[in-house]
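**Student:** To start, I am sharing the structure in question, which I have written as structure tokens.
The values are calculated or read from the model by the stated rules, or taken from the named source; none is laboratory data. The model shown is predicted, which means the values in this text are computed figures rather than measured ones. With ligands, DNA and RNA removed, areas are computed over all heavy atoms of the protein, side chains included. Shrake-Rupley method; radii C 1.70, N 1.55, O 1.52, S 1.80 Å.
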Amino acid sequence: MTAQILDDLHEFNYLDSERIKNMELGELRQLAEDFWTQGNDYQDSDLTDSFDNFIGRVKNVRQAFDVLPNGIYIVFTHGMWIGMLMWQLLHGESSRVNNMTKFREFELAIRPKNCEVFLLENGGI
């Protein structure tokens with residue numbers, strides 16, 4: 001098998017690493033919580049994602065897989081990315097997908113663990 005890198009599979013990078021590198025844990029937690037109240041188009045910096053951008057990246061990967069031949073594919077990515085994939089599959093194109101607050105509640109409730117394996121088959125998890 002030949003590995004193929006899909007750029008849109010990278011984790012949801014919503015806080016600028018330069019901005020947070022010297023923060024205390026409490027400050028960092030507060031900044032992270034504050035992010036989820038900013039709105040879908042908010043970016044912490046030019047180096048980070050907005051929530052809308054994140055939604056779009058996951059959709060792009062789904063579309064890339066839609067055109068692949070039937071087969072088994074292994075995907076390595078991060079927990080929040082998998083959470084967004086699940087969220088989109090559960091809610092389709094409804095406006096609920098774009099609701100940051102509802103996604104955050106969902107993601108915290110189902111948060112995939114490191115090295116957890118999910119099987120996606122015929123449009124379901």
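**Student:** What is the Rg over Rh value, at two decimals, for the range 76-125, using alpha-carbon atoms and the Kirkwood definition of Rh?
**Tutor:** 0.96
**Student:** While we're on this one: Of Val97, Val67, Val75, which has the most accessible area with a 1.4 Å probe, and how do the rest follow in descending order?
**Tutor:** Heavy-atom accessible area, descending, gives Val67, Val75, Val97.
**Student:** Ok, one more. Tell me, in nm to one decimal, what length is gained between Leu119 and Arg19 on full extension, where the rule is 0.36 nm per residue of separation less the Cα-Cα distance?
**Tutor:** Length difference between fully extended and current span is 32.4 nm.
**Student:** Sequence gap at least 6, Cα distance under 8 Å: using those rules, report the relative contact order of the range 1-116 to the nearest whole percent.
**Tutor:** Details: 92 pairs, mean separation 35.6, N = 116.
Averaging sequence separation for qualifying contacts and normalising by length gives 31 percent for the range 1-116.
**Student:** Still on this structure, I have one more. Most fluctuating residue of Glu93, Glu11, Glu107 in a GNM of the chain with Cα springs under 10 Å: which is it?
**Tutor:** Top of the fluctuation ranking is Glu93.
**Student:** Which order do Thr77, Thr48 take by accessible area at a 1.4 Å probe, largest first?
**Tutor:** Thr77, Thr48
**Student:** Just to be sure I understand: if I project the alpha-carbon convex hull of the chain onto a plane and average over all orientations, what area do I get in nm²?
**Tutor:** Its Cα hull, projected and averaged over all orientations, spans 8.7 nm².
**Student:** Quote to one decimal, in nm, the extra length available between Arg96 and Arg29 on full extension: 0.36 nm per residue of separation minus the C-alpha distance between them.
**Tutor:** Values: separation 67, 0.36 × 67 = 24.12 nm, distance 2.51 nm.
Gain on stretching Arg96 to Arg29: 21.6 nm.
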